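As structure tokens, the structure follows; a few thoughts come after it.
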Amino acid sequence: MRTSALPVTLTAAVSALALAACTGSADEPASDPAAPATSAAPSSTTSSSPATAAATATSRISGAPAGLRDVVTARYGSAVTGSAERGRWRGDDVAVVTGSGDQDGDVTLAVRPRGRQGWKVVGGWWPSLGPTKGKAQLGGRGHVLLIGSDARPGEDPARTRADALQLLGVDGTGGAGLMGFARDLWVPIPGHGEGKLNSALVYGGPQGQVDTVRRLTGITPTGYVLTGFEGFEGVVDDLGGLSFRAPFSMDSHLTGGQIDKGARRLSGRQALAWSRERKSLPGGDFDRSRNQGLLLAAAALQARLAGPSALPRALTVVDRHTESDLTGEEMLLFAASFYRVDPGQVGRAVAKGPTGTAAGQSVVRLDDASRAAFRDFRDGRISG
């Protein structure tokens, strides 16, 4: 499972937006998220009007190459001051340009797709422009499936049982939800009859797992983010650990699983142990899924405190340790949308039910409360 992801981030909001797309300068250097971003002179080939040229000439955006600076000033239509942070996701360059106050001020999200020279503004929020022009544009409601593979060193994470499944959603109006799944749920697996929910990854890879969750819930995820044990640890450690308040002490047989109650900073190994432990928990796999949700909530809070400007680096780190079918634009919008979520409108649930047997295995049968939660979550938010 993936704590990072989503601040990332972890961890989409509002309606379909009008993309402010402009072409960057042909001689603009390719961005390198591993190197310090440098400011470049305004491009002479990007201006579409005298007004845009004037805005570009007076804008002051530190850390932005010419093409990125030009599309941001075109979005404002006037002089703008701010700073840009850049990163990379699935080969696409991503950028967050912030004014004063970070998430309380203006935030512009931009992407340069792989193989293209031009940047385009894909969303953001701009309080300085007023209630109409400054309205957040973040893509509307959506869901992303987070898949934690059971792969050990040397195994393919995309073809090993899913050790953790969490469906993350936003409704585009300030609400959100997080739904975990008991991995032993006995469900229809497209093309393979019936089986345990976590076996869909073995049969059909990540897309097969997404299709199985879609058929089970009636929810169509925008995409997925997948990682194995090593990738999970790598994300947490590369981001400097995870601030977490453990609601109880854990004494697990897993390495790193001795965790005292209270506030602490978890290493990647400790976070992995917390997310995997089930034998010592009264509710077994059901409680484990809830614990995974607590880690994701902690990651989202940590990202929120860091502010949107930290997103490009976080996405770059997550990208190194995961697989995903989300584009840079989809991931940037989805992750940024959580800065606009009202914490009081975020619900959590676990899809579960009574235990039984099927095909000689111990399984979980989905209960009516879980089916009701699926219907509730289709708009991107879990009530209550």
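The values are calculated or read from the model by the stated rules, or taken from the named source; none is laboratory data. All values derive from a computational prediction rather than experimental measurement. Every residue, glycine among them, receives a Cβ derived from its backbone with ideal geometry; neighbour counts consider all protein chains shown. Each accessible area value is taken on the protein alone, full model and side chains, heavy atoms only, with ligands, DNA and RNA left out. Shrake-Rupley method; radii C 1.70, N 1.55, O 1.52, S 1.80 Å.
All conditions in (1) surrounded by 22 or more Cβ atoms within 10 Å (Cβ to Cβ); (2) modelled with pLDDT of 90 or more hold for residue 63, with the sole exception of (1). All of (1) within 23 Å of residue 92 (Cα to Cα); (2) open to solvent by less than 10 Å² (accessible area, probe 1.4 Å); (3) in contact with a Ser or Thr (Cβ under 7 Å, 6 or more places away or on another chain) hold for residue 312 with one exception: (3).
Among the candidates 266, 168, the residue that is over 16 Å from the mean Cα position of the chain (by Cα), open to solvent by less than 30 Å² (accessible area, probe 1.4 Å), farther than 28 Å from residue 361 by Cβ and modelled with pLDDT of 95 or more is uniquely 266. Within the stretch 199-215, residues that are on the phi > 0 side of the Ramachandran plot reach partners that are assigned to a helix (DSSP H, G or I) with beta carbons closer than 7 Å, at six or more positions or on different chains, in the pairs 205/158; 205/159. For the stretch 74-91, a residue qualifies if it is open to solvent by 20 Å² or more (accessible area, probe 1.4 Å) and at pLDDT 90 or above, and the qualifying residues are 83, 85, 86, 88, 90, 91. Criterion applied to 264, 269, 278, 215 was being within 28 Å of residue 342 (Cβ to Cβ) and of a type in the set (D, E, K, R), and the one residue passing it is 264. Could you check the stretch 137-157 and list, in sequence order, the residues that are open to solvent by less than 10 Å² (accessible area, probe 1.4 Å) and in contact with an Asp or Glu (Cβ under 6 Å, 6 or more places away or on another chain)? Matches in the stretch 137-157: 148 only.
Can we say residue 299 is surrounded by 24 or more Cβ atoms within 10 Å (Cβ to Cβ) and assigned to a helix (DSSP H, G or I)? Here the answer is yes, as residue 299 does meet what is asked.
Residues considered: 360, 356. Of these, the only one that is more than 19 Å from residue 224 (Cα to Cα) and open to solvent by 30 Å² or more (accessible area, probe 1.4 Å) is 360.
Please find, among 256, 293, the residue that is open to solvent by less than 10 Å² (accessible area, probe 1.4 Å) and under 30 Å from residue 313 (Cβ atoms).
The conditions single out 293.
Does the stretch 307-319 contain at least one residue that is among the acidic types (Asp, Glu), farther than 19 Å from residue 377 by Cβ and under 14 Å from the mean Cα position of the chain (by Cα)? Taking every residue of the stretch 307-319 in turn, at least one turns out to be among the acidic types (Asp, Glu), farther than 19 Å from residue 377 by Cβ and under 14 Å from the mean Cα position of the chain (by Cα).
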